[in-house]
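Down below is the structure, laid out as structure tokens.
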Amino acid sequence: PQGDPYRPPRHLRLGLGVGDRSARLLGIEAAAPQRLRAGLLFVLDEAATEGNVFLPLDELWREAARLLEVHEVEPLEAALSRLAREGEAAVEDDRAYRTELWESECRLAEALAARAGDPSEALFEEPRRPDLDVSDEQWSVVELVRTRPLVLLTGLPGAGKTHTQRVLVQIARRARLS
């Protein structure tokens, strides 16, 4: 709503501090529902800038309580419920999302499920193992990519994802040239 210091235009990224100082000068209480909602949205937005699509509720409560100096979870839960009713946040199981990110994740999940259900057919003939240093686990990923409609390659830094991808590209190029 107009005049709400906690709701600057979406294109302005002022942070919570500017709005909070303005609101306090206008006499808005520390436990005001709009302040709590703004704080929750701020924490979710900050998590998104760090690459997180959602936050587990316990982490959201912890971060929002620290930021807002609120010591009880109940007012935060009520504020999140209102955000969900207003379409600004989504809660699924023990996770809280900005609505846009939750909708994107749902669309992605549908697309991945459809792709995973496609019939399997080999992308290329079974390759010979390259001269590169490839672990058995990395080589099994090559076989999965060759024979499955969908493979998600994940792992911690240094696990060999990039090296495995290089091997896949090399094999795919070689298969296309022969």
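Points worth noting:
- For the residues 55, 68, the requirement of being modelled with pLDDT of 95 or more and surrounded by 16 or more Cβ atoms within 10 Å (Cβ to Cβ) singles out 55.
- Pairs, first touching a residue at least 40 places away in the same chain (Cβ under 8 Å) and over 23 Å from residue 115 (Cα atoms) in the range 149-178, second part of a helix (DSSP H, G or I) and open to solvent by 90 Å² or more (accessible area, probe 1.4 Å), C-beta under 6 Å, six or more apart: none
- Any chance residue 107 is in contact (Cβ under 8 Å) with a residue 40 or more places away in the chain and at negative phi: no
- Residues of the range 74-125 that are open to solvent by less than 60 Å² (accessible area, probe 1.4 Å), polar (S, T, N, Q) and either under 26 Å from residue 150 (Cα atoms) or more than 21 Å from the chain's Cα centre (by Cα) (or both): 104 alone.
- When the range 22-44 is filtered for residues that are charged (D, E, K, R) and surrounded by 16 or more Cβ atoms within 10 Å (Cβ to Cβ), the ones remaining, listed by number, are 35, 37.
- Flag if residue 63 is surrounded by 14 or more Cβ atoms within 10 Å (Cβ to Cβ), under 16 Å from residue 98 (Cα atoms) and modelled with pLDDT of 85 or more: yes
- Test: residue in the range 110-128 that is at positive phi and either out of contact with any Phe, Trp or Tyr (no Cβ under 8 Å at 6 or more places or on another chain) or modelled with pLDDT of 85 or more (or both): no
- Test result for residue 104, touching a helix residue (DSSP H, G or I) at 6+ places or on another chain (Cβ under 8 Å) and of a type in the set (S, T, N, Q): no
- Every pair of residues 6+ apart whose Cβ atoms lie under 7 Å, when the first sits in the range 52-72 and is of a type in the set (D, E, K, R) while the second is in a helix (DSSP H, G or I): 63/43
The values are calculated or read from the model by the stated rules, or taken from the named source; none is laboratory data. Values in this document were obtained by computation on a predicted structure and should not be read as measured data. All Cβ positions, even for glycine, are placed from backbone atoms using ideal geometry, and neighbour counts span all protein chains on display. Side chains are part of the model used for accessible areas, which takes the heavy atoms of the whole protein and leaves out ligands, DNA and RNA. Shrake-Rupley method; radii C 1.70, N 1.55, O 1.52, S 1.80 Å.
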